[in-house]
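Please treat every number below as a calculation from the coordinates, not as lab data. Keep in mind it's a predicted model, so treat the numbers as computed, not measured. Every residue, glycine among them, receives a Cβ derived from its backbone with ideal geometry; neighbour counts consider all protein chains shown.
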Amino acid sequence: ITEAKGERIESVFMVVDETTREEAFDSIEMVLRTGRAVSMSSNVILMKRGGKEILINKSAAPIHDRSGQVTGIVLVFHDVSREGQYAARLSYQASHDALTGLINRHEFEHHLSQALKSATRFRRSHSLLYLDLDQFKVVNDTCGHAAGDDLMRRIGALIRARLGKEAIVARLGGDEFGVLLENSPLEHATQVAEDLRQSINDFRFSWMAMPFTVGASIGVVCIAEGTFTMEEVLRAADAACYMAKEKGRNRVNVYRADDTEVSSRQGEMEWVTRIQRALDENRLRLFSQQIISLRQPSKHNTHCEVLLRMLDEQGELVPPARFIPAAEKYGLMPAIDRWVVTNAFNSYASLAAKSRALPIQTCSINLSGKSINEDSFLEFLREQATIAGVPYSAFCFEVTETAAVENLPKAVNFIEQLRALGCRFSLDDFGVGMSSFGYLKHLPVDYLKIDGGFVKDMLEDPIDKAMVEAINDIGHVMGKKTIAEFAENTAIVDVLREMGVDYAQGFGVAKPVPFGAAPGLALTPRSFGDKSASIRQRDTDERDTAKGNASTAKAEGSD
């Protein structure tokens with residue numbers, strides 16, 4: 001107090017703006033001029049002797065005498081350094097990855113957005129690198145998550161050290177990293193990517209005396225004027241990185257707009273988004289296709305297979321060949337399977353409640369390999385059957401040969417548990433595998449569905465015909481019923497009957513109709529609008545090319 005007495009207030013109490021570092025406005029002068037209290041509640045720094053800085057809130061209020069004149073001023077300031085540190089810490093945590101200390105995806109996208117704007121506004125050329133580690137899963141599965149976390153930290157530090165201030169580096173999630181090279185033409189970015197790939201390849205990771213070699217697949221995209229939106233550039237980079245993996249891993253792949261492989265990958269990624277949105281908005285639709293007995297023909301629709309279609313954003317029906325491959329590749333099949341099972345059970349229950357004589361005695365539902373290998377799926381299926389109140393004996397589940405042999409013990413256990421409840425099983429697409437007959441001995445299925453690729457051409461190709469006969473004979477020897485897919489016309493149906501095949505399915509028998517409609521009816525405008533004819537044509541056009549693998553809604557022409 002003694003030292004301050006007689007000194008000017010600004011020499012004793014010097015405050016500056018935290019951002020500009022300029023002298024803050026004089027609150028005392030403001031009080032004297034207005035006669036009212038004023039405050040500065042943020043971004044003010046008190047400069048102490050010796051250079052120490054303290055973040056403060058300050059306020060000033062007038063002291064009035066009895067006549068209302070200002071006779072003095074009370075100056076109050078509060079040290080908010082701790083609160084400021086806390087806010088700074090929160091801001092850092094919101095923009096940085098906790099594991100590696102690199103910026104996170106959200107912050108990276110902010111920088112990328114600015115780069116896209118400058119590319120358009122100032123005609124600058126930037127480059128984006130998208131990295132995916134090739135051996136991370138091996139380390140994680142072999143040594144545990146602690147080892148995986150340590151590997152991520154080390155790789156993050158390696159990338160940051162290797163690129164220095166030249167680049168903006170982020171961990172985008174999992175084992176994926178993003179690098180933004182500003183004002184970097186494609187040729188330079190490609191060399192940077194190759195050097196970085198080599199550095200990661202030379203890195204040796206060791207955990208508990210176990211050595212690991214790590215590689216990186218890197219996609220490179222040049223950001224030039226007006227080339228991309230944010231979503232497009234990230235999708236292009238991801239697609240280029242994916243192609244680096246597809247071509248052998250541990251390599252650099254540069255995005256080219258005319259690259260058909262990358263375009264295909266981008267198309268699949270777009271379908272992933274569209275499928276997820278369709279699930280969220282309940283835009284999937286169930287159809288069914290009749291399966292007829294060739295030995296005991298019946299006028300009643302006693303056996304059918306449930307098929308899947310999707311309504312696009314404009315209300316158009318989309319056949320499964322368009323979206324099932326992407327769903328299989330990117331892990332959406334379990335979610336789709338659950339939707340199909342739930343809605344098929346509920347639809348069946350609704351049909352049963354409306355009809356005294358049940359119109360469908362056997363309802364076949366396709367299941368993907370991912371679902372039958374999922375521990376929780378069996379319990380989910382039981383729960384849905386209980387909720388819908390449907391008999392297990394009314395349902396037959398179809399699994400492809402490929403899906404079944406992927407994890408044979410698990411598939412056998414899944415099938416046996418559901419058969420014990422009364423369900424039946426079909427082995428779908430039988431004959432396309434290399435060891436079909438050998439695996440058949442271990443799979444407790446009721447039906448063999450002869451792969452349609454053999455059936456549709458068997459009238460012209462004697463080898464295909466011989467395959468159909470062989471599969472039918474072996475199936476009968478093993479006590480299983482046979483179903484021929486792709487029975488495209490009456491001539492094929494007649495030959496199948498002569499062979500002794502038990503059932504037939506295909507356009508020569510009946511076309512798909514909305515689930516619950518009368519068998520054999522084509523889609524009508526009343527069912528799904530005036531666009532139905534184009535859907536029928538599209539289904540027909542795709543019958544020779546669209547063949548799904550282990551899909552809930554098969555994409556073959558017989559559908």
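Taking a 26 Å limit on the Cα-Cα distance, which of the listed pairs Lys370/Lys465; Lys247/Lys449; Lys329/Lys410 fall beyond it?
Lys370/Lys465; Lys247/Lys449
Between Lys329 and Ala466, what is 0.36 nm times their sequence separation minus the Cα-Cα distance? Round to one decimal in nm.
My answer for the length gained is 46.0 nm.
Specify the inter-centroid distance of the range 445-497 and the range 153-183, based on alpha-carbon positions, in whole Å.
Taking the Cα centre of each part, the range 445-497 and the range 153-183 sit 56 Å apart.
Beta carbons within 10 angstrom, averaged per residue: use that to sort the peptides 144-154, 398-408, highest first.
Going by the mean number of other Cβ atoms within 10 Å, highest first, we get 398-408, 144-154.
Apply the a/c threshold of 1.5 to the C-alpha gyration tensor of the range 349-403 and tell me whether it is rounded, prolate or oblate.
Verdict is oblate for the range 349-403.
Per 5 Å bin, what is the whole-percent P(r) computed from every C-alpha pair distance within the range 66-148?
Taking every Cα pair in the range 66-148, the percentages come to 3, 9, 9, 11, 11, 11, 10, 8, 7, 4, 4, 4, 3, 2, 2, 1, 0.
Relative contact order for the range 326-473 using alpha-carbon pairs under 8 Å, separation at least 6, rounded to a whole percent?
Averaging sequence separation for qualifying contacts and normalising by length gives 18 percent for the range 326-473.
Under 37 °C and 0.692 mPa s, how fast does the range 161-292 diffuse according to Stokes-Einstein, given a Kirkwood radius computed over C-alpha pairs? Answer in µm²/s, whole number. Walk me through the numbers before you get to the answer.
Numbers: Rh = 17.2 Å.
Approximately 191 µm²/s, per Stokes-Einstein.
Quick check on the range 268-406: of the DSSP beta bridges with both residues there, what percent are antiparallel, nearest 5%?
Values: 9 of 16 bridges.
Percentage antiparallel, nearest 5: 55.
In straight Cα distance, which lysines are under 26 Å from Lys354, not counting same-chain residues fewer than 8 positions off?
Lys299, Lys511
May I ask you to order 374-384, 128-138, 314-324 by the average number of other C-beta atoms within 10 Å around their residues, highest value first?
128-138, 314-324, 374-384
Quick one: work out Rg over Rh on the C-alpha atoms of the range 320-375, Rh as Kirkwood radius.
Rg/Rh: 1.09.
For the range 128-237, go through all pairs of different Cα atoms, get the mean of 1/r, take its inverse, and jot down that Kirkwood value in Å.
Numbers: mean 1/r = 0.0684 Å⁻¹.
Every distinct Cα pair counted, the radius reaches 14.6 Å.
So for each of 237-245, 101-109, 61-69 I average, over its residues, the number of other beta carbons within 10 Å; can you give me the resulting order with the highest mean first?
Most protected by this proxy first, the peptides run 237-245, 101-109, 61-69.
Sticking with the crude label model, points 7 Å out along Cα→Cβ, report the distance from Ser39 to Phe203 in nm, one decimal please.
About 4.9 nm separates the two model spin labels.
What distance in nm separates the simple spin-label points at Ala146 and Asp446, each placed 7 Å from Cα in the Cβ direction?
5.1 nm
What shape does the range 369-490 take by its C-alpha gyration tensor, where a ≥ b ≥ c are the square roots of the eigenvalues and a/c under 1.5 counts as rounded, a/b above b/c as prolate, and the rest as oblate?
The shape class here is prolate.
First measure r as the distance between the Cβ atoms of Glu270 and Ile387, then evaluate 1/(1 + (r/R0)^6) with R0 = 41 Å and state the FRET efficiency to the nearest 0.05.
Computed FRET efficiency for Glu270 and Ile387: 0.75.
If r is the Cβ-Cβ distance from Thr342 to Gln417 and R0 is 30 Å, what FRET efficiency results, to the nearest 0.05?
That gives a FRET efficiency of 0.95.
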